[in-house]
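Undergrad: Below: one structure in structure tokens.
Since every read-out is calculated from the coordinates, none of them should be taken as a lab result. All values reported here derive from a predicted model rather than from experimental measurement. With ideal geometry, Cβ positions are generated from the backbone for all residues, glycine too; neighbour counts draw on all protein chains shown.
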2 protein chains.
Amino acid sequence: MTVSDPQPSAPAEGLRARRRRQTRAELHAATVRLAREHGFAQVTVEMISKEVGVSPRTFFNYFPSKEAALFALFGTVPPALADRFAEGEGSGTDAVLRDLGDILADHLQEAAPEPQELEDSLRIAEGVPSVLATFLAQCEAVERDLAGLIARRTGTPPDGEAAELLAGVAMATVRSGIKRWHQSGAHADEGEGPAERVRESFDSLRTLLGPAAVQ
Amino acid sequence: MTVSDPQPSAPAEGLRARRRRQTRAELHAATVRLAREHGFAQVTVEMISKEVGVSPRTFFNYFPSKEAALFALFGTVPPALADRFAEGEGSGTDAVLRDLGDILADHLQEAAPEPQELEDSLRIAEGVPSVLATFLAQCEAVERDLAGLIARRTGTPPDGEAAELLAGVAMATVRSGIKRWHQSGAHADEGEGPAERVRESFDSLRTLLGPAAVQ
């Protein structure tokens, strides 16, 4: 497999960004495919690079390790989604969690790899501690981004405790949603990604924290 | 340094458990000390084992890696604390979070290493991704334990969504408390461990989720 050319009709602007996203997706897909064929322990950065037709040096421009390439689940929250959240109405906990759930589900919908690839990555993470650790570290990086967004929305300091706690609560909810999607078999039955399940987890969280439950 | 003999007056029962805890603590302390002297990257399992006077094979009975030995922060929640929580009153979200905060702070107070050692481990984690990942994976293991305890307390299924979400919320709060303790310099000024700061984070969380804030 080689890096495909972008669409001929694509505007010059953003072409490089699109090509980068595509190479990233191909490296991720090749990592999952090779792990399926050979077992993750046998896969090397050289094998992945060769499969995609790039040099190992190029590989390291995209991912710090084969573990990171296996989980290409999250990138930075795209600016459009970040703005939508930061400019949303209300600075109460429930409004913030509701809108966080919204943009995170949308983010997953757009950024997540093929459901079957994600499913395979999660199965490997269950058996390989370094892969699980990489997944958790990626969640931690997203959590730091979210704390900044929450602070912007609520007008609190970027390193404030409230923003940090809510970001942690939101990522715990994302992880729970992905886990439950993984366990449900929805990917196999209907080819569905985790976004809808994450949305449901935020609904469950808000019910759990709602006035009726907090007593 | 060698493994010290237990107190002569100690009852025979529990002697092996105490000795194990002590060896574990010594391996942890030696890892932190060697990392200070040589830089964590240079430290090997052989060096740590030699320092404590045990074989590398014995090391691996206690920790799977030098990263894990650096963070000996959490073990399993002790049965006495687990029972106290599971038998506590109330199954509402606020009561559960209040009592979780209590037993987790007590657990940290008893199980946490010397404040200066923890402080050094956290500083290393900031610069070494594999150490941060190990810390997060240890938090994840505690989170799974907590979900079981919450289910027991609330009479819900052990793999239920509510128990999983609340366990995730609690561990996000613990991580935030430890981080803020690390940033505050309280360890240097007063030799204080993170337990009290974790207690404060749970108070902040409950205020944030309380009826006044959820609107």
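Undergrad: How would you classify the stretch A:117-215 from its alpha-carbon gyration tensor, with a ≥ b ≥ c the square roots of the eigenvalues: rounded for a/c under 1.5, else prolate if a/b is greater than b/c, otherwise oblate? Mind showing how you got there, number by number?
TA: Numbers: a/c = 2.43, a/b = 1.44, b/c = 1.69.
Oblate, since a/c reaches 1.5 and b/c is not below a/b.
Undergrad: Starting from a label point 7 Å past Cα on the Cβ side, list the distances from A:E196 to the same position in the other copies, nm, shortest first.
TA: Reported distances to equivalent positions: 5.1 nm.
Undergrad: Rounding to the nearest 10 and keeping the result within 0 to 90°, find how far the Cα-based axis of helix A:93-111 lies from the longest principal axis of chain A.
TA: The helix A:93-111 is inclined about 10 degrees to chain A.
Undergrad: Find every distance from the label point of B:K50 to the corresponding label point in the other copies (7 Å from Cα along Cα→Cβ) and write them in nm, one decimal, shortest first.
TA: 3.8
Undergrad: Any idea what diffusion coefficient chain B gets from Stokes-Einstein, in µm²/s, Kirkwood Rh on alpha carbon pairs, 25 °C, 0.890 mPa s? Walk me through the intermediate numbers first.
TA: Working: Rh = 18.6 Å.
The diffusion coefficient I find is 132 µm²/s.
Undergrad: Let me ask another. Treating only the Cβ of Lys, Arg, Asp and Glu as charged (+1, +1, -1, -1), what charge dipole size does the stretch B:15-65 show about its Cα centre? Round to the nearest 20 debye. Before the final figure, lay out the partial values.
TA: On the way: 10 positive and 4 negative charges, 84 e Å.
Value, rounded to 20: 400 debye.
Undergrad: If the only charges are +1 at each Lys and Arg Cβ and -1 at each Asp and Glu Cβ, what is the size of the charge dipole of the protein assembly as shown around the Cα centre, to the nearest 20 debye? Write out the running numbers ahead of the final one.
TA: On the way: 46 positive and 64 negative charges, 214 e Å.
For the protein assembly as shown, the charge dipole is close to 1020 debye.
Undergrad: Residue-wise, which Karplus ³J(HN,Hα) couplings in Hz belong to the stretch B:151-167, taking 6.51 cos²θ - 1.76 cosθ + 1.60, θ = phi - 60°, and x for glycine or proline?
TA: 4, 4, 5, 9, x, 10, x, x, 9, x, 5, 4, 4, 5, 5, 5, 5
Undergrad: Take the Cβ-Cβ distance between A:R33 and A:E126 as r, set R0 to 30 Å, and report the resulting FRET efficiency rounded to the nearest 0.05.
TA: Once rounded, the FRET efficiency stands at 0.95.
Undergrad: Any idea how far the Cα center of the stretch B:138-190 sits from the one of the stretch A:62-80, in Å?
TA: For the stretch B:138-190 versus the stretch A:62-80, the Cα centre distance is 26 Å.
Undergrad: How many nm is it between the label spots at B:T44 and A:R98, if each spot is 7 Å from the Cα in line with the beta carbon?
TA: Simple spin-label model gives 6.0 nm for this pair.
Undergrad: Hey, what angle do you get for helix B:15-38 against the long axis of chain B, alpha-carbon based, 0 to 90 degrees rounded to 10?
TA: That works out to roughly 70 degrees.
Undergrad: Can you pull out the GluC sites (Glu not before Pro) in the stretch A:24-127 whose DSSP state is coil and whose Cβ has at most 10 other Cβ atoms within 10 Å?
TA: Numbers: sites: A:E26, A:E37, A:E46, A:E51, A:E67, A:E87, A:E89, A:E110, A:E117, A:E119, A:E126; in loops: A:E87, A:E89.
Hits after loop and neighbour filter: A:E87, A:E89.
Undergrad: With r as the distance between the Cβ atoms of A:E190 and B:T58 and R0 = 60 Å, compute the FRET efficiency 1/(1 + (r/R0)^6) and round to 0.05.
TA: Details: r = 51 Å, r/R0 = 0.84.
Approximately 0.75, to the nearest 0.05.
Undergrad: For the modelled label position 7 Å from the Cα of A:R20 along Cα-to-Cβ, which residues of the stretch A:57-72 have backbone nitrogen atoms closer than 20 Å?
TA: A:57-66, A:68-72
Undergrad: Using a 10 Å cut-off around each Cβ of peptide A:160-166, what is the average number of partner chain Cβ atoms that fall inside? Let's see the in-between values first.
TA: Working: counts 1, 9, 5, 0, 9, 13, 4.
The shielding value for this peptide is 6.
Undergrad: Roughly what angle does helix A:195-209 make with the longest principal axis of chain A, taking Cα atoms, 0 to 90 degrees, to the nearest 10?
TA: Helix A:195-209 sits at roughly 30 degrees to that axis.
Undergrad: Through the Karplus equation 6.51 cos²θ - 1.76 cosθ + 1.60, θ set to phi - 60°, convert the phi angles of the stretch A:54-67 into ³J(HN,Hα) values in whole Hz; use x for Gly and Pro.
TA: Running phi through 6.51 cos²θ - 1.76 cosθ + 1.60 with θ = phi - 60° gives 10, 7, x, 4, 5, 3, 6, 6, 9, 9, x, 6, 5, 4 Hz.
Undergrad: Here is a further query. Of A:G101, A:G75, A:G148, whose Cα points farthest to the positive end of the dipole of the stretch A:33-165 (charges on the beta-carbon: +1 Lys, Arg; -1 Asp, Glu; origin at the Cα centre)?
TA: Comparing the listed Cα positions along the dipole, A:G75 ranks first.
Undergrad: I need the P(r) histogram for the stretch B:15-65: all alpha carbon pairs, bin width 5 Å from 0 out to the longest distance, whole percents.
TA: Result returned by the calculation: 4, 23, 32, 24, 12, 3, 2.
Undergrad: Would you calculate a helix-derived [θ] at 222 nm for chain A, using -39,500 (n - 2.57) for each DSSP H run of n ≥ 4 and dividing by the full residue count, to the nearest 500? Display every interim value, and only then the final one.
TA: Working: 11 runs with 154 residues, N = 215.
Helix-only estimate at 222 nm: -23000 deg cm²/dmol.
Undergrad: Let me ask another. Please grab the % of Cα pairs in the protein assembly as shown that end up more than 37 Å from each other. Write down the numbers at each step before the final one.
TA: Numbers: 26542 of 92235 pairs.
That tail contains 29 percent of the Cα-Cα pairs.
Undergrad: For B:K50, go through the aspartates and glutamates and keep the ones whose alpha-carbon is under 13 Å away, minus same-chain ones fewer than eight residues off.
TA: B:E26
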